[in-house]
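Enquirer: Right, I'll just put the structure down here and ask away after.
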Amino acid sequence: MIREKADPLELFGEWFAEAEKSEPNDPSAMTVATMGPDGMPSARMVLLKGYDAAGFVFYTNYESRKGRQLVDHPKAALLFHWKSLRRQVRLEGPVSQTTAEEADAYFATRARGSQIGAWASDQSRALESRFALEKRVAEFGAKYLIGTVPRPPHWSGFLLQPLLIEFWQDQPFRLHDRLEYSRPSAAAPWSTRTLYP
């Protein structure tokens with residue numbers, strides 16, 4: 001059985017720490033599911049860059065498909081799947097934009113090549129050729145050859161404030177353990193329930 005905690009972030013922290021020790025590649029990888037203008041869901045993998053009582057943070061190009069969808073429909077779902085532990089955690093809730101100061105601070109920690117890539121990539125738009133991308137990388141690399149690479153205005157972060165967090169642990173014969181935390185708003189206390197597998 002999953003050992004229930006009063007605060008789901010405490011349980012998430014324990015599971016995440018175990019995943020950092022056991023996952024062979026990117027324990028912070030998570031699926032982000034958004035909704036398009038036609039109501040069609042869309043999902044992709046991104047990396048968690050931080051979490052606390054305020055929520056879960058990730059960064060992206062605001063002009064990308066997911067960026068536009070999150071700005072237009074500020075709700076999302078996240079899913080962590082740690083195969084080595086046979087566990088998953090899913091979250092749902094409203095999304096808000098991080099502050100410019102938070103985005104600047106994180107952008108400054110990125111590798112220089114990733115910073116240049118954020119300028120060079122017209123993320124999610126049609127690419128005429130690999131050469132065109134490499135040319136843009138070279139152009140922005142030359143532009144920011146010396147000194148600090150500034151954060152592009154179209155590149156920033158999102159914070160998902162969970163209203164639902166479900167912990168799932170694999171068990172034999174598909175009789176899995178499932179523990180759900182939910183609350184009607186971020187100011188409300190969490191309630192829990194155990195779910196059928």
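The values are calculated or read from the model by the stated rules, or taken from the named source; none is laboratory data. Quick caveat: nothing in here was measured; it's all calculated off a predicted structure. All Cβ positions, glycine included, derive from the backbone under ideal geometry; neighbour counts span all protein chains shown.
Enquirer: Go through (1) hydrophobic (A, V, I, L, M, F, W, C); (2) outside the structural domain of Pro24 (by TED's automatic domain parsing); (3) in a strand (DSSP E or B) for Val95 and report which single condition fails.
Expert: Evaluating Val95 over (1) hydrophobic (A, V, I, L, M, F, W, C); (2) outside the structural domain of Pro24 (by TED's automatic domain parsing); (3) in a strand (DSSP E or B) leaves (2) as the failure.
Enquirer: Of the numbered conditions (1) within 19 Å of Gln123 (Cα to Cα); (2) charged (D, E, K, R); (3) touching a Leu at 6+ places or on another chain (Cβ under 7 Å), Glu63 fails exactly one; give the number of that condition.
Expert: (3)
Enquirer: Among (1) under 19 Å from Thr34 (Cβ atoms); (2) touching a helix residue (DSSP H, G or I) at 6+ places or on another chain (Cβ under 7 Å); (3) outside the structural domain of Gly50 (by TED's automatic domain parsing), which single condition is Arg125 missing?
Expert: The failed condition is (2).
Enquirer: Right, here's the next one. Tally time: how many residues in region 67-86 are in a strand (DSSP E or B) and in contact with a helix residue (DSSP H, G or I) (Cβ under 8 Å, 6 or more places away or on another chain)?
Expert: Going residue by residue through region 67-86, those that are in a strand (DSSP E or B) are 75-82.
Next, only the ones that are in contact with a helix residue (DSSP H, G or I) (Cβ under 8 Å, 6 or more places away or on another chain) stay: 76, 80, 82.
Matching residues across region 67-86 total 3.
Enquirer: Now for a separate question. Under 7 Å by Cβ, and 6 or more places apart or on different chains, what pairs join a residue from region 128-148 that is part of a loop (DSSP other than H, G, I, E, B) with one that is surrounded by 12 or more Cβ atoms within 10 Å (Cβ to Cβ)?
Expert: Every condition considered, the pairs that remain are Tyr144/Ile116.
Enquirer: Residues of region 7-61 being part of a helix (DSSP H, G or I), among the acidic types (Asp, Glu) and free of Cβ contacts under 8 Å to residues at least 60 places away in the same chain, which ones? It would help to see each step written out before you state the result.
Expert: Narrowing region 7-61 to residues part of a helix (DSSP H, G or I): 8-22.
Narrowing further to those that are among the acidic types (Asp, Glu): 10, 14, 18, 20.
Within region 7-61, Glu10, Glu14, Glu20 meet the criteria.
Enquirer: Scan region 65-118 residue by residue and report those that are modelled with pLDDT of 95 or more and hydroxyl-bearing (Ser, Thr, Tyr).
Expert: Ser96, Thr98, Thr99, Tyr106, Thr109, Ser114
Enquirer: Further question on the same structure: Of all residues being within 14 Å of Phe56 (Cβ to Cβ) and of a type outside the set (A, V, I, L, M) in region 155-165, which is surrounded by the fewest Cβ atoms within 10 Å (Cβ to Cβ)? Just the residue, please.
Expert: Within region 155-165, the subset within 14 Å of Phe56 (Cβ to Cβ) is 157-165.
This time we only want the ones that are of a type outside the set (A, V, I, L, M), so: 157-158, 161-162.
Details: Gly157: 20, Phe158: 24, Gln161: 15, Pro162: 25.
Checked region 155-165; the qualifying residue surrounded by the fewest Cβ atoms within 10 Å (Cβ to Cβ) is Gln161.
Enquirer: A follow-up question, please. Taking region 149-197 as the region of interest, how many residues are in contact with a strand residue (DSSP E or B) (Cβ under 8 Å, 6 or more places away or on another chain) and either of a type in the set (Ser, Thr, Tyr) or part of a strand (DSSP E or B) (or both)?
Expert: So the answer is 23.
Enquirer: Here's another thing I want to ask about it. So is Glu139 surrounded by 11 or more Cβ atoms within 10 Å (Cβ to Cβ) and assigned by TED's automatic domain parsing to the domain that holds Thr60 or not?
Expert: no
Enquirer: Do we find that Ser64 is surrounded by fewer than 20 Cβ atoms within 10 Å (Cβ to Cβ), touching a residue at least 40 places away in the same chain (Cβ under 8 Å) and in contact with a Ser or Thr (Cβ under 7 Å, 6 or more places away or on another chain) in this structure? Lay out the reasoning, then the answer.
Expert: Working: surrounded by fewer than 20 Cβ atoms within 10 Å (Cβ to Cβ): yes; touching a residue at least 40 places away in the same chain (Cβ under 8 Å): yes; in contact with a Ser or Thr (Cβ under 7 Å, 6 or more places away or on another chain): yes.
So Ser64 fits the description; yes.
Enquirer: Could you give me the residue pairs with C-beta distances under 6 Å whose first residue belongs to region 169-189 and is under 15 Å from Met1 (Cβ atoms), whose second residue is of a type in the set (A, V, I, L, M) and part of a loop (DSSP other than H, G, I, E, B) wherever it lies, and which are 6+ apart or on separate chains?
Expert: From region 169-189, the pairs are Gln169/Ile2; Asp177/Met1; Asp177/Ile2; Arg178/Leu195; Leu179/Ile2; Glu180/Leu195.
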